[in-house]
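Student: Take a look at this one; I'll ask things after.
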Amino acid sequence: MSDKIELPEWDLVSHTCKLVKDASNPSGQLSIMWDVYRNIWQRCNACNDIYSTRKVFGAGDRDADVMIVGEGPGENEEVQLKPFVGMAGKILNNAFRVRGLTREDLYITNSVICRCTEVKEGGKLGNRFPTDEERGACRPRLEVEIGLVCPKMIIAMGESAWKTLTGRNDSIGSVVNKEFTIEYSSWNNIRQTATLIPTYHTAALLHSDGKNQEAVQQMKYAIGDTFLKVNEFIGKLTKSRIEEEATA
């Protein structure tokens, strides 16, 4: 099993550079790229079955060293237009808090930005997993988003995120908290690498129905271990930057 995943290059740079008058201003160029990214994908209708004008884009620190990729928006996310704001998001916030993190420390997004729904028992509209086709249609958007944020660590929460990022069919339980290397193109057209760590999605804790408390506890421990890794990673980067500034 290879521990390296490569994402293809993308050409948002070539489109955006035509719009940037001052190419010597990287921050201005990046800001325009974010606008172009949102404008392009806000109009996407590749998935006719789930096409929505209420697309839920990522949120958080656009300069974050750590990026979390989840599955897709649910009802609360679709209403608030923010990722991870429902019950699974509350569990995630708690995992952050226990490990000394906040949402503001990270950038959070999903594999798909339209809500995937199906009619449940009783006629109520509920969520479902994105199909392979839906994830495949949204994958180029995710690749661009990764290149705009330029994270040094990516957390793939759940099988949808893992499969979207890697194109592999491993069960999440077989790879949880293992470290992989992912290579991607940054916004300034430079190939970058990041550490990729798969873990369970916090929504899995909600869907257990209390049937197997031991398995639920193991998932909780695994998610906790994931964000311990994140906290330690951020701490090492911060220490390294402080030492660099001190010797500059």
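What follows is calculated from the coordinates using simple rules that are stated; it is not laboratory data. A quick note: this is a predicted structure, and the numbers were derived from the prediction, not measured. When we count neighbours, we look across all protein chains shown, and the Cβ atoms used for this are built from the backbone with ideal geometry, even at glycine.
Student: For segment 118-129, take each phi angle, set θ = phi - 60°, evaluate the Karplus expression 6.51 cos²θ - 1.76 cosθ + 1.60, and give the result in whole Hz per residue in order, putting x for glycine and proline.
Tutor: 8, 7, 8, 4, x, x, 7, 7, x, 8, 9, 6
Student: Please report the relative contact order for the chain, taking Cα pairs under 8 Å with a sequence separation of at least 6, and give it as a percent rounded to a whole number.
Tutor: Answer for the chain is 22 percent.
Student: Specify which residue in the list GLY126, ILE154, LEU165 is farthest towards the positive end of the charge dipole of the chain, using unit charges on the beta carbon of Lys, Arg (+1) and Asp, Glu (-1), about the Cα centre.
Tutor: Checked the options; the winner is GLY126.
Student: Once you've got the GNM for the chain with C-alpha springs shorter than 10 Å, pick whichever of ALA161, ALA64, ALA46 has the biggest mean-square fluctuation.
Tutor: ALA46
Student: May I ask you to order 132-142, 118-128, 171-181 by the average number of other C-beta atoms within 10 Å around their residues, highest value first?
Tutor: Packing order, densest peptide first, comes out as 132-142, 171-181, 118-128.
Student: Can you list residues from other chains, or at least 5 along the same chain, whose modelled amide H is less than 5 Å from the amide H of GLU6?
Tutor: Result for GLU6 returns GLU183.
Student: Now for a different question. Rounded to the nearest 5, what % of DSSP beta bridges with both residues in segment 62-168 are antiparallel?
Tutor: The antiparallel proportion sits near 25 percent.
Student: Can you list the residues, at least 5 places off or on another chain, whose amide H is less than 5 Å from the amide H of ILE113, using H built in the peptide plane?
Tutor: Sorted by chain and number, the residues that satisfy this come to none at all.
Student: Spin-label point model (7 Å from Cα, Cβ direction): what's the TRP34 to LEU206 distance in nm?
Tutor: 2.7
Student: Convert each backbone phi in segment 217-226 into a coupling constant with the Karplus relation 6.51 cos²θ - 1.76 cosθ + 1.60 (shift: θ = phi - 60°), then list the ³J(HN,Hα) values in order as whole Hz, x for Gly and Pro.
Tutor: With coefficients 6.51, -1.76 and 1.60, one gets 5, 5, 5, 4, 4, 5, 5, x, 5, 4 Hz.
Student: Return the equivalent ellipsoid semi-axes of the chain as a descending list in whole Å, where each equals the square root of 5 times an eigenvalue of the C-alpha gyration tensor.
Tutor: 29, 24, 16
Student: Now a separate question. About the Cα centre of the chain, what is the dipole size in debye to 20, counting +1 per Lys and Arg Cβ and -1 per Asp and Glu Cβ, all else neutral?
Tutor: So the dipole magnitude of the chain works out to roughly 400 debye.
Student: For ILE154, list long-range residues whose amide hydrogen, built 1.01 Å from N in the peptide plane, is under 5 Å from its own amide hydrogen.
Tutor: MET67, THR195, LEU196, ILE197
Student: Please give the peptides 88-98, 32-42 ranked by average Cβ packing (other Cβ atoms within 10 Å per residue), highest first, as a rough proxy for protection.
Tutor: The peptides rank, most packed first, as 88-98, 32-42.
Student: Could you pull out every one of the aspartates and glutamates with an alpha carbon less than 15 Å from that of LYS229, ignoring same-chain neighbours closer than 8 positions?
Tutor: ASP65, ASP105, GLU179
Student: Where both partners of a DSSP beta bridge lie in the chain, what percent of those bridges are antiparallel, to the nearest 5?
Tutor: 40
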